[in-house]
Structure formats: C-alpha cells, structure tokens
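Structure, as structure tokens:
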Amino acid sequence: MGYSLPLFLGFLTASAGITPPGLINMTAAKVGVTEGRTRALIFALGATIVVLIQTFVAVVFAEFIDRNPKIIILLREIGFAIFLALTLYFFYLGGRIKEPKAEIKLHSKRSRFFLGMLLSALNFFPIPFYVFISVTLASYNLFSFTNPFITCFVIGSGFGAFFAFYCYIAFFKRMESRTEFILKHMNYIIGTLTGIVAMLTFFNILEYYWNAP
C-alpha cells in the first residue's frame, strides 16, 4: 500500500467524524465569530494535536486487537449491541420536546490553543471510534499495522480534523441556518447513522459465523 491510501483514509475518517455539530467544532466557530479567525485557528490547532495523539493510541491498541480474531468478533458483537441501543436511544430523544440549551460561553481569553487541547482531551469518543475504524478497515485489507501506514494515517487524521474545524470557522455564518436545522434533527440523524452501522455490523457477524469452520 502506498502513502496516499492511509493519508486519504485518515483524512476521510477524521473529517467525517468531526463534521457533525458538537462541542469542539461549534466552540471553534463561536471563537471565530466573536474573537476572529486567527484565535479560532489557534483553538483548532490545539484540538487537532490531541486528535493526533488519540488516533495514534487507538491504532496501537487496535493492532493488538487485530492479532486476535476472537477479540475482533467479540468487539463486533458488543459494537452491534451498543449501536442498536444508541439507535433506539437517539430516536427516542428525537421524539421528545427539546428545551433550549444555554449557549457556550467562553470566559478565558488567555490561550485558545490550550482551551482547544482541553476540550478535545475531554472528548474520549475518538479512541474507540478509531479502534473500530482501523480494525474494520483491516478486516477488508484496507489497513496495515505497519509504522509507515500508521504514521500516514495519523497525519491524515490530523489534516482531516483541522480541515473540519476550518470549515466551521470559515463558513459558520453561511451555514448557520442549516446548522440550526441539523441541530434540531441531530438525534434522528445520529440514530439513522448508528442504525446503518448496526445493520452492517450485524451482517458482518453473520458472515463470520457462516464462513466459520
């Protein structure tokens, strides 16, 4: 495998994972609106560095998992149960009347870089996300647990994360009306995505047991 594939996969997974509105990217957008693009980019850089560390830790952990096929199928079964539960949960939340949430207020103006690192470090979702992604890609021979591949994948994830943050910072005002719609229906959107992942995981589990000796 060349260097372009892991760079592309890292970029794609990171940008796709960060694109849905969340605390970090919405905070980056608000910093851009209230304090200027430069401070927002510094904030995004701090958050991106933590994403790089989290991705590396996840891939190294996934390498151990990939060497044990029984652990992989067990994780897929657990993942199916979790994604199915999340699907039901988010569709349940989507049907409830939502109360307006308080806007994010940023009090500290000393260092947007460390604020970005802090908020990103408090988000533990990227680690299991990249473990699942790397193991799944490896099962389809699209991921190699070699040092050059891992390095390129991590670098690609950094570019993808920063690109997603930059899009929020640069185009937030233009996307504000659409973002409001997305936030309003976010539970249904996430529920649909987790439902698709649950179905794919379920079929993958069936295929494994069907082909098992």
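In this structure, the amide hydrogen of F143, modeled 1.01 Å from its nitrogen in the peptide plane, lies closer than 5 angstrom to those of A138, counting only residues at least 5 positions away or on a different chain.
For I169, the accessible area of its heavy atoms, probed at 1.4 Å with every protein chain present, is near 20 square angstrom.
The values are calculated or read from the model by the stated rules, or taken from the named source; none is laboratory data. Note that the structure is predicted; figures quoted are calculated from it, not measured. Ligands, DNA and RNA are excluded from the accessible area calculation, which covers all protein heavy atoms including side chains. Shrake-Rupley method; radii C 1.70, N 1.55, O 1.52, S 1.80 Å.
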